[in-house]
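Everything below concerns the one structure shown next.
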Amino acid sequence: MTALLLSTAESEDIVNSSQAHLPVAEVCAQIKNSGYAQSQKVRIYGEEFEILSDPFPNEVGIAIQVRSHRTYEVRQLQLPATLIHRVSNSQRRAA
């Protein structure tokens, strides 16, 4: 499964998965509500991070700015497609 970020001149950005087409702002808000918000701490990809930004779209999907607890390095962290799909699917079921 992959989630793609699409942009066209005529429409707003959308997240396109095999099961849902939702506006990126809506998906980012749902990801934020599920715990990936600024000032939160998460464990992802086997490492603990402090989240420094709310979720935002980038050229390949949705990411967050984080600081590693292990190295203190600040970087952009790509969110897993499975998380984006889970949010997209729960949004679609709620509609």
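Coordinate-derived values only; no laboratory data. On a predicted model such as this, the values are computed, not experimentally measured, just so you know. Glycine gets a Cβ as well: all are built from the backbone with ideal geometry, and neighbour counts include every protein chain shown.
Once both labels are positioned 7 Å from their Cα atoms along Cα-to-Cβ, the gap between H69 and E50 label points is 1.2 nm.
Let me know the shape class of segment 24-88, please: from the alpha-carbon gyration tensor, a ≥ b ≥ c as square roots of the eigenvalues, rounded when a/c is under 1.5, otherwise prolate if a/b is greater than b/c, or oblate.
prolate
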